[in-house]
Amino acid sequence: MDLATLLGIVGAIGIIASAIVIGGSAGTFVNAPGLLIVVGGTIGVVLSQVSLAQFLGSFKVAMAAFMHKDFAATDLIREAVELANVARKEGILALEGRDIEHPFLKKGIDLCIDGHNPDVVAQMLERELDLHIEREETGIRMFKSIGSSAPAMGMIGTLIGLVQMLSNMEDPKSIGPSMAVALLTTLYGAVIANAFALPIAEKLKMILNDDRLNKMLILESVSAIQEGVNPRVLQQSLVAFLPENSRELALEAA
Amino acid sequence: MDLATLLGIVGAIGIIASAIVIGGSAGTFVNAPGLLIVVGGTIGVVLSQVSLAQFLGSFKVAMAAFMHKDFAATDLIREAVELANVARKEGILALEGRDIEHPFLKKGIDLCIDGHNPDVVAQMLERELDLHIEREETGIRMFKSIGSSAPAMGMIGTLIGLVQMLSNMEDPKSIGPSMAVALLTTLYGAVIANAFALPIAEKLKMILNDDRLNKMLILESVSAIQEGVNPRVLQQSLVAFLPENSRELALEAA
Amino acid sequence: MDLATLLGIVGAIGIIASAIVIGGSAGTFVNAPGLLIVVGGTIGVVLSQVSLAQFLGSFKVAMAAFMHKDFAATDLIREAVELANVARKEGILALEGRDIEHPFLKKGIDLCIDGHNPDVVAQMLERELDLHIEREETGIRMFKSIGSSAPAMGMIGTLIGLVQMLSNMEDPKSIGPSMAVALLTTLYGAVIANAFALPIAEKLKMILNDDRLNKMLILESVSAIQEGVNPRVLQQSLVAFLPENSRELALEAA
Amino acid sequence: MDLATLLGIVGAIGIIASAIVIGGSAGTFVNAPGLLIVVGGTIGVVLSQVSLAQFLGSFKVAMAAFMHKDFAATDLIREAVELANVARKEGILALEGRDIEHPFLKKGIDLCIDGHNPDVVAQMLERELDLHIEREETGIRMFKSIGSSAPAMGMIGTLIGLVQMLSNMEDPKSIGPSMAVALLTTLYGAVIANAFALPIAEKLKMILNDDRLNKMLILESVSAIQEGVNPRVLQQSLVAFLPENSRELALEAA
Amino acid sequence: MDLATLLGIVGAIGIIASAIVIGGSAGTFVNAPGLLIVVGGTIGVVLSQVSLAQFLGSFKVAMAAFMHKDFAATDLIREAVELANVARKEGILALEGRDIEHPFLKKGIDLCIDGHNPDVVAQMLERELDLHIEREETGIRMFKSIGSSAPAMGMIGTLIGLVQMLSNMEDPKSIGPSMAVALLTTLYGAVIANAFALPIAEKLKMILNDDRLNKMLILESVSAIQEGVNPRVLQQSLVAFLPENSRELALEAA
C-alpha cells in the first residue's frame, strides 16, 4: 500500500480544516446549497463526458492511487535472471507451471511456452502495453476533468451569490456575511481541485509511468529469455533500469 | 443512446438553476441584452471561424455526443471471429452479401472480396481512419471555440456594464443592482462554457477515441481474415483491446 | 468568398456596439489615449516580432481569411479523374496545355509532363506543401500575437489609469468616472483579441488545414495519374477524403 | 539591421510613457523600491536558472534580435546556382578559396572539397544545424523566463504593498496613494514582460526559424552541388523555399 | 559548484525580504497559521503524488541544482581525442585501467573493452541515457508540482481568511488588518512558487539538457573510438557540439 498518497491528501485537507477550526466559527464554512452546486455540478459535468460504466469505475481507479502495489524493479530483475537461468539450462518449456508474480511477465513467458515466434511475442506484448496505457489515461483524464470543473462550478456559485447580494442591498449589515457565503463555493472548488482531484490525477500518472518502465523491463527480459541470452549479460543490461546508486545492490543480490 | 451525457449536462444545469430559484428572485438572473452579448457574440465568433456549412452541421455533431451508438469491443471481436471462421472454411468470397453491422468492418471485408491486395486494403482503411479523425476534430474544435469565446464575451459584457455604472453614479442606491446586472454576462459565459460547450467537446473527444480503438481492432481483424489466420489465434490477439477484467467473458462467449 | 467569416466578425462587433449604444452614453466608451495605448502598443509589439515586410503583408493575410476561395474536394476529385482518363488513353503528354484550375494540381501535372521520376515528383510536391505550411504559419502567429498583446496592453492601460486615479482622490465624485475610463483599455483589448484577432487566427488555421487536405488529395492523384492507375480505382480511393454522407454524390457525378 | 524590432519596442514603450506623461504627475509612476523588487527579483530568478556565462551572454543574444542580418533566400539561391555552375564545369575543387558569404554554405562546400562522402557531409551539416537550434533555444528560454518572472515579481510587490497598507489604515487619506504605489510593481512587471521580454523571445524564435529554413536550403544545395546536379534543375527545386509571388523574380534573376 | 543558482535565489528572496523590512513592521508579514496552510498543504499535496522514497530524495535533487558539477564539453572533446589516439595506436585494450573522469564515458569505454559489438554498445548507452532522463524528470515534476500547489494553497488560505473576516465585521477597525492577514497566504504561495520552486525546476531542466548533450557527444566519441576513426576527424566532428565562437580554442588546445 502506498502510504504517502493517503498521508499526503489526508494531511493537506487536515491542515486546511484545522486552519478553519482554529479561526473559530467552523460552522460558517458549511453551506449546503454551495456544496450542492460545486459537488453536484462537477459530478454532472464529469458524468456527461464519460459513459456510465466509466463513471462508476472511477472509484476503483481512485483506489488504485492509494492501494497501488509497486513491483520493485530490483525484484523483477532478480526474477527475470532466475527464469533466464532455468530456460538456458533446461529449455524454455521448463518454465511451464512456474509461479510468476508479475502478470505481464507471466503472460510473456506463457507466450514463449506456446511456441510463438520472438517477433510475434514482442509485438503482442507491446500492443498489450500500448492499449493498457490508453485505458489508464481515461481514468487520469477523469480526475483532471474534476480538477478543472470544480473551480469553474465554484466560480459560478460565487457569481450567483454576488448577483443575489448586489441586487438586494437594503440591509448593509448583511453584505459581509452574504459575500462570505458567496465566496464559499470558490473555496470548495479550490479545495476539491487542488487537495484531491489534481493530486490523484498526478499520482495515477506517476503509477502509470512506473508501470510502463517495469513492463519495458519485462519486454526486454522475455526477449532475452526466449533467445537464450546469458543470464549474467541479461542482468548487466537490465540494471540500466535502476538509478545509479542502487545498481550495486541489485548486482550483488543476484 | 448515451444516457450519461444527457443526464450529466441536464443535471449540472439543473443544479445551477435550482440554486438560483432557491435564492429567490430568479427574475434578477434574466437579462436580455446580456444574453444577447454572450450568445450572439459567441455565435458570431464561432461562425467567423468555420464555413457556413460547418456551422449548420454543428448541431448534428452535438447530437452525436448524446446519441452516440457505442459498438462494444466484445461484439466486434465476436463478429470478427465468426467472419474468420467462415472465411477459413469456405474462402473469403463466402462473406459476400453477409450482413455486417459496423460500417468500417463492412468496408474492409468488401475490399477483401473485391480482391485487393492485403497491403492496399490496410492502407486504404488506415487512410480512411486518419481522414475520419481529421474531420471529427473540426467539430471538437468548434465546441472548444464556444468554450473559450463565451467567457470572453461574458467579460466584455461585464466591462461594458461596469463602465456604464461607474460613469453614472449619481444614485448610490442603483450601484448594487447595476453591478449585479454587469456580473450576469460573466455568469452566462461561465455556464455556457463549463456546463455545456466544454463537456460536449470532451465527450466528442472520448467518442472519437473509442471509435479509433474499435477501428484499429477492425483493421487488425480484416488483415487476419484476409490472410486466413486461425480464428482462435485472432481471438487471443484481439482480447488485448479489452480491459483485463472483461477478457474472460469475451473468450468464453466466443 | 467566405461569407461566414465576414458575417461572424461584423456580427460579433455589431452586437457589442449595439449593447453599448442601447445603454445610452456611447460617448463614454470612446477614449483617445486609451485607444492609442491598446492599438499603438499592440502594433508596436507585433512589429517588433516580425520584419517590416511581413508586417505590411499581414493585411493581405487577413484578407485571405475573408476572401478565401475554397476548392471543393468533390471538384478536385472530378478533375483528377478526368485527367487520369485522358492520361490513360492518350498518354501523359496529352495533358500538356490543358487548363487546370488548382495551381498545385497544375504544378504536379507539369512536373509529370517534364518527365521527372515519380519519386522526384512526389518529393518536390511534398516539400512544396511543407514549406507552404511553414510560410502560412507566420501569418497565423502574427494574429495570435495581436490576440495576446492587445489584452496585455489593455491591462497596462487600466493599471496606469488606476494609479493616476488613486494618487489623486481629492474629489470623490470623480472616482467613478476615472475608474470607468481606466477600465476602457481593458475593454478595448478584450474586444480586439476576442472579436477580431483570435477568430482570424483560428480561421486562417482552418483554411490552412483544408488546403493541406486538398493538396494531399492532389499529391495522391498526381502519383496515380503518372502511374496510369485505372480512373475508377483512383476515384474509389479519393472519396476517402470526403465525409461519409457526400460520397454517393461524388461517385455519381463522375 | 532589423529596423522593425527596434521601432516596435521603442514605439510600444514610448506610447505607454507618453500616456503616463499626458496624464500629468509622471513622478507618481517612479518608485525605487518597487523597481528594485521587479527588476532585481527577476534578474535573481533568471540568474538562478542559467550559468553565469549564459546570463552575461544574454545581452549579446538580445542584440541579435535587433541587429539580425538576414540572408535573403533569393541571394542564397543565386549563390548556390553559381557554385553549382562552376562545380559542374570545372569540378568541385574549383570552388576552393572562393569567397562564400554565408558561413554555413561555406562550411558545406569546404566539407565537399575535403573529399568527404556525400552522406557524411549531409549528416555533419544536419547535426550542426540541430545543435545550433538547441543552443539558440537557451537564449529564447531566458527571455521567456524574464517574461514570466517579471509579472510574478510584480504581483509579489503589489501584495507586499497591500499588506502594508491594510495593516495600517489610520489615515484614510493615505489609502489611495498607498494603493497606487502598491499597483506600480504590477505595472512594471506587465510592461517588462509584454513590451520587452516576450516580444524579444518571439523575435528570436522567428529569426531561428528563418535561419533554419535558410540552412535547409543550403543543405539541399550542397548535396546537389556535390552530386553534380544540373544548375537549372537545382534552381527549379530551390524556388520552393520562396513564397509563390517572388519566384518569378528569382528565376529571372538567375 | 554553480554559484549563479545560489546567488540568484538568495538574491531574489533577499530583495523581497528587504522590501518588507524597509516598509517597516516586518512582523506583520509573519503569520504562523498562514505559513502552516501554504507550506504544510503543499508538502501534503506533493507527498501524495510521489512515493515516500521519492519525497525524501527530493532534497538531494534540489541540492543537485546548486552543486551541479559541469563537465565542460571542451574537456570531454580533449579526453575523447586522447583516448582515440591511444586506441588507434595501441588498440582498444590499451584503454583498460585508464583513469576516465566522466562516468558515462568510462562506462562506454568499458563496454568496448569487454568486446561488445559496436551496435550493442551504442544501444546500451542510448538506453542508459533515455532511462536517466526519465528518472531525472521525476525530480523536475516534483518541483513543478510545488510551484503549482503553493499558489493554490495560498489562494485557499486567503479565501478562508476572507470568509472569516466577512462573516464577522462588527469592528470596522479590524477589517483592514484581517484582510492583510488573509492576503499573506497568497504572498507566501507566490514567493515559494516564483522565487524557489519554479526556478529550481527550470534549473534542473537546464542541467538535464546539458547532461544530455554531453552524453550524446560521448556516445559519438565511443563509437568513433571503437571503429578506430582518425582522432583529427573525430575532433573535427565533435566541435559541432560547441558554440561557434569557442571552436577555435578547442581545436588549438588539442
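The values are calculated or read from the model by the stated rules, or taken from the named source; none is laboratory data. Treat the numbers as computed from the prediction; the structure is a model and nothing was measured. Virtual Cβ from ideal backbone geometry, glycine too; neighbours counted across all protein chains shown. The protein model used for the area step is the full one, side chains on, heavy atoms only, and it has no ligands, DNA or RNA in it. Shrake-Rupley method; radii C 1.70, N 1.55, O 1.52, S 1.80 Å.
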Any residue in region C:20-49 that is more than 17 Å from residue C:146 (Cβ to Cβ) and of a type in the set (S, T, N, Q) sitting within a Cβ distance under 6 Å of a residue that is open to solvent by less than 20 Å² (accessible area, probe 1.4 Å) and assigned to a helix (DSSP H, G or I)? List the pairs, counting only those 6 or more apart or interchain.
C:31/C:184
For region B:108-125, enumerate the residues that are more than 10 Å from chain C (Cβ to nearest Cβ) and assigned to a helix (DSSP H, G or I).
B:108, B:109, B:110, B:112, B:113, B:118, B:119, B:121, B:122
Just to verify a result, which residue in region D:175-187, among those that are more than 7 Å from chain C (Cβ to nearest Cβ) and open to solvent by less than 30 Å² (accessible area, probe 1.4 Å), is farthest from residue D:36 (Cα to Cα)?
D:182
Which ones in region C:51-60 are within 7 Å of another protein chain (Cβ to nearest Cβ) and among the hydroxyl-bearing types (Ser, Thr, Tyr)?
C:51
Scan (1) of a type outside the set (Gly, Ala, Ser); (2) within 28 Å of residue C:62 (Cα to Cα); (3) surrounded by 17 or more Cβ atoms within 10 Å (Cβ to Cβ); (4) at pLDDT below 90 for the single condition residue C:92 breaks and write down its number.
(2)
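What about residue C:204, is it within 14 Å of chain D (Cβ to nearest Cβ) and either touching a Gly at 6+ places or on another chain (Cβ under 7 Å) or under 26 Å from residue C:70 (Cβ atoms) (or both)? Break it down stepwise before answering.
Working: within 14 Å of chain D (Cβ to nearest Cβ): no; either touching a Gly at 6+ places or on another chain (Cβ under 7 Å) or under 26 Å from residue C:70 (Cβ atoms) (or both): yes.
For residue C:204, the condition - within 14 Å of chain D (Cβ to nearest Cβ) and either touching a Gly at 6+ places or on another chain (Cβ under 7 Å) or under 26 Å from residue C:70 (Cβ atoms) (or both) - is not met.
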Can you find even one residue in region D:94-108 that is among the β-branched types (Val, Ile, Thr) and in contact (Cβ under 8 Å) with a residue 60 or more places away in the chain?
no
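Does residue E:159 satisfy the criteria of being facing another protein chain (nearest Cβ under 9 Å) and more than 30 Å from residue E:80 (Cα to Cα)?
Details: facing another protein chain (nearest Cβ under 9 Å): yes; more than 30 Å from residue E:80 (Cα to Cα): yes.
So residue E:159 passes the test.
Condition check ((1) out of contact with any strand residue (DSSP E or B) (no Cβ under 6 Å at 6 or more places or on another chain); (2) polar (S, T, N, Q); (3) closer than 30 Å to residue B:53 by Cα) across all residues:
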residue	(1), (2), (3)
C:12	yes, no, yes
C:18	yes, yes, yes
C:25	yes, yes, no
C:28	yes, yes, no
C:42	yes, yes, no
C:48	yes, yes, no
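Is there a residue being over 20 Å from the mean Cα position of the chain (by Cα), of a type in the set (Gly, Ala, Ser) and within 14 Å of chain D (Cβ to nearest Cβ) anywhere in region E:89-103? First the steps, then the outcome.
Taking region E:89-103 first, the residues over 20 Å from the mean Cα position of the chain (by Cα) are E:89-101.
Narrowing the set further to residues that are of a type in the set (Gly, Ala, Ser) leaves E:91, E:94, E:97.
Cutting the leftovers down to within 14 Å of chain D (Cβ to nearest Cβ) gives us none.
For region E:89-103, residues over 20 Å from the mean Cα position of the chain (by Cα), of a type in the set (Gly, Ala, Ser) and within 14 Å of chain D (Cβ to nearest Cβ): absent.
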Out of B:70, B:75, which single residue is outside any helix (DSSP H, G or I) and either open to solvent by 40 Å² or more (accessible area, probe 1.4 Å) or in contact with a Phe, Trp or Tyr (Cβ under 7 Å, 6 or more places away or on another chain) (or both)?
B:70
Going through region B:105-135 in order, the residues found to be surrounded by 18 or more Cβ atoms within 10 Å (Cβ to Cβ), in contact with a Ser or Thr (Cβ under 8 Å, 6 or more places away or on another chain) and over 27 Å from residue C:210 (Cα atoms) are B:105
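Those residues that are open to solvent by less than 30 Å² (accessible area, probe 1.4 Å) and either modelled with pLDDT under 90 or more than 14 Å from chain B (Cβ to nearest Cβ) (or both), I need them from region A:12-34; list them, please.
Residues of region A:12-34 open to solvent by less than 30 Å² (accessible area, probe 1.4 Å): A:12, A:16, A:19-20, A:24, A:29, A:34.
Selection gives A:12, A:16, A:19, A:20, A:24, A:29.
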Contact list, first residue from region E:181-207 and under 14 Å from residue E:31 (Cβ atoms), second anywhere and assigned to a helix (DSSP H, G or I) and aromatic (Phe, Trp, Tyr), beta-carbon distance below 8 Å, six or more apart or interchain, is E:184/E:29; E:187/E:29
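Is it true that some residue in region D:35-50 is outside any helix (DSSP H, G or I), over 22 Å from residue C:159 (Cα atoms), more than 14 Å from chain C (Cβ to nearest Cβ) and open to solvent by 20 Å² or more (accessible area, probe 1.4 Å)?
We begin by selecting, within region D:35-50, every residue outside any helix (DSSP H, G or I); these are D:50.
Now drop any that are not over 22 Å from residue C:159 (Cα atoms), which leaves D:50.
Now restrict to residues that are more than 14 Å from chain C (Cβ to nearest Cβ): D:50.
Keeping just the survivors that are open to solvent by 20 Å² or more (accessible area, probe 1.4 Å) gives none.
No, the conditions are met nowhere in region D:35-50.
What do you reckon, is residue A:101 open to solvent by 30 Å² or more (accessible area, probe 1.4 Å), outside any helix (DSSP H, G or I) and either touching a Pro at 6+ places or on another chain (Cβ under 8 Å) or closer than 24 Å to residue A:129 by Cβ (or both)?
In short, yes.
What residue, among those in region A:138-156 that are open to solvent by 40 Å² or more (accessible area, probe 1.4 Å) and more than 9 Å from chain B (Cβ to nearest Cβ), is farthest from residue A:210 (Cα to Cα)? Full working, then the answer.
Kept after step one, since they are open to solvent by 40 Å² or more (accessible area, probe 1.4 Å), are these residues of region A:138-156: A:141, A:144, A:148, A:151, A:155.
Pick out the ones that are also more than 9 Å from chain B (Cβ to nearest Cβ) and you get A:144, A:151.
Numbers: A:144: 19, A:151: 30 Å.
Checked region A:138-156; the qualifying residue farthest from residue A:210 (Cα to Cα) is A:151.
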Does residue C:82 satisfy the condition of being open to solvent by 40 Å² or more (accessible area, probe 1.4 Å), away from chain D (no Cβ under 13 Å) and at pLDDT 90 or above?
yes
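Could you grab me the full set of residues in region A:1-11 that are assigned to a helix (DSSP H, G or I) and either more than 7 Å from every other protein chain (Cβ to nearest Cβ) or modelled with pLDDT under 85 (or both)? Spell out how you get there, then give the answer.
Restricting attention to region A:1-11, the residues satisfying the condition of being assigned to a helix (DSSP H, G or I) are A:3-11.
Hits for region A:1-11 are A:3, A:4, A:6, A:10.
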Take the residues in region C:51-67 that are aliphatic (A, V, I, L, M) and either under 20 Å from residue D:195 (Cα atoms) or touching a residue at least 60 places away in the same chain (Cβ under 8 Å) (or both), then tell me which one is most open to solvent (accessible area, probe 1.4 Å).
C:67
For region A:148-169, check the following and say yes or no: at least one residue is among the small types (Gly, Ala, Ser) and not in a helix (DSSP H, G or I).
yes
